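Novice: First the structure, then my questions, so here it is.
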Amino acid sequence: MSVLIVGSTALDSIKTPKTENPRLLGGSASHAGVAASFFGPVKLVGVVGDDFPKRYLQLYQRHGIDLAGLQRLAGKTFHWSGEYEVNMNNRRTLLTELGVFETFTPKLPATYQTTPFVLLANIAPALQHHVLDQMRRPRFVAADTMDLWLKVALPDLLKLLKRLDAFVLNDSEAQQLTGEDNVLPALKKIHQLGPKYVVIKQGSHGSILSGPRGLFLCPAYPLRKVVDPTGAGDSFVGGMMGYLAAAKGPIDDHIRRAMVYGSVVASFCCEGFGLLRTTKTTRPQIDRRVKELEKLTKF
Ligand code: AMP
């Protein structure tokens, strides 16, 4: 089954203590879309400007991503710039230029409206609602977010939580949303806001799921060297949704393994700037890391 993914389609300028890389292909929907494409068909919803390089469109196409829902408007593509500290965990946003996102109203092609799996990747909650409004009875809907929306669009986000099966956020966002430092009371409070499945991402420490079958601790794949973690969270949730959409049977039978696959795709993302490493990854490489993680966590 296919996954519909809406989110940002961006040009990212990324600075690390060692290097600077301008105008790479980025955005939550790009990272999540490429990650999900390792498992099955992906339908992308987003917008780019007339400065968006053709080679980036070709990259989506090489991953078999359906671009019927990608609007091309006159103006500038969303541009985000961030800088990492030496520890490669702390990140500062240097610039966010909305460009064509300022006037973007997603209009889903008819072929998109019956997609069974929907990922509302990080983007303004009003746009996430707008996409969901056009869907016809999806089987499973998940959303991601970021600190900005908790600050400037909380009422919209709270309304969205009631429409989701799964909500995925990182630990600092969970703390910001619930006021809880401890992940367990935070998970409980987020369930009370609506979603049946809550996933809290903990960066290089993995992630934790709370769902109908209780808790699951998902490991992160241990990396010797992190080149650029931009998009790791998006790759995680994209990989997880791609795997779930490809699996047959109840969500509960597959969601743990789906998270492990997401975690492994995120590990590849961290090994290169932007999408440079992820796009060179193959399904057998992903499967090998999943097997390694299985060995590392068995007791
Ligand atoms: P992550 O590292 O998982 O937090 O995701 C980083 C990605 O989020 C980058 O590729 C950015 O282009 C994208 N991004 C940054 N700010 C925003 C925003 N305000 N809305 C949507 N996407 C954003």
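Novice: Nearest 5 is fine: what % of DSSP beta bridges in segment 28-137 come out antiparallel, could you say?
Specialist: Percentage antiparallel, nearest 5: 55.
Novice: For ARG213 and GLN285 in one chain, what is 0.36 nm times their gap in residues minus the Cα-Cα distance, to one decimal in nm?
Specialist: 23.0 nm
Novice: A further question follows. Can you give the local net charge around LEU108? Use residues other than it whose beta-carbon is closer than 13 angstrom to its beta-carbon, Lys and Arg +1, Asp and Glu -1.
Specialist: +1
Novice: May I pose another question? Within 15 Å, Cβ to Cβ, of ALA68, how many net charges do the neighbouring residues add up to if Lys/Arg are +1 and Asp/Glu are -1?
Specialist: +2
Novice: Enumerate the lysines that LYS18 could reach by cross-link, defined here as Cα to Cα under 20 Å, with residues fewer than 8 away along the same chain left out.
Specialist: The qualifying lysines are LYS225.
Novice: Here's a follow-up. Cut-off is 10 Å between beta-carbons; in what order do MET259, MET146 appear when sorted fewest neighbours first?
Specialist: MET146, MET259
Novice: Can you compute the helix-only [θ] at 222 nm over the chain? Use -39500 (n - 2.57) per DSSP H run of at least 4 residues, normalise by all residues, nearest 500 deg cm²/dmol.
Specialist: -11000 deg cm²/dmol
Novice: Are there any helices in the chain, counted as whole DSSP H runs, that stretch 24 Å or more along their axis by Cα and score at least 0.5 on average by Kyte-Doolittle, and if so which?
Specialist: Once both thresholds are applied, what remains is 251-270.
Novice: Where in segment 73-109 are there trypsin sites (Lys or Arg not before Pro) that are in a DSSP coil and have at most 13 other Cβ atoms within 10 angstrom of their Cβ?
Specialist: Of the trypsin sites (Lys or Arg not before Pro), the ones in loops of segment 73-109 whose Cβ has at most 13 other Cβ atoms within 10 Å are LYS107.
Novice: Between GLN175 and GLU83, with labels modelled 7 Å along Cα→Cβ, what's the label distance in nm to one decimal, could you check?
Specialist: 2.3 nm
Novice: Under 8 Å for C-alpha pairs, at least 6 residues apart: give me the relative contact order for segment 6-139, rounded to a whole percent.
Specialist: 26 percent
Novice: On a C-alpha basis, how far is the centre of segment 56-88 from the centre of segment 1-48 in Å? Whole number, if you could?
Specialist: Segment 56-88 and segment 1-48 have Cα centres spaced 5 Å from each other.
Readers should treat all values here as calculations from the given coordinates under stated rules, not as data from a laboratory. Keep in mind that this is a model prediction, so the values were computed, not measured. Neighbour counts are summed over all protein chains in view; Cβ atoms, including those assigned to glycine, are modelled from backbone coordinates with ideal geometry.
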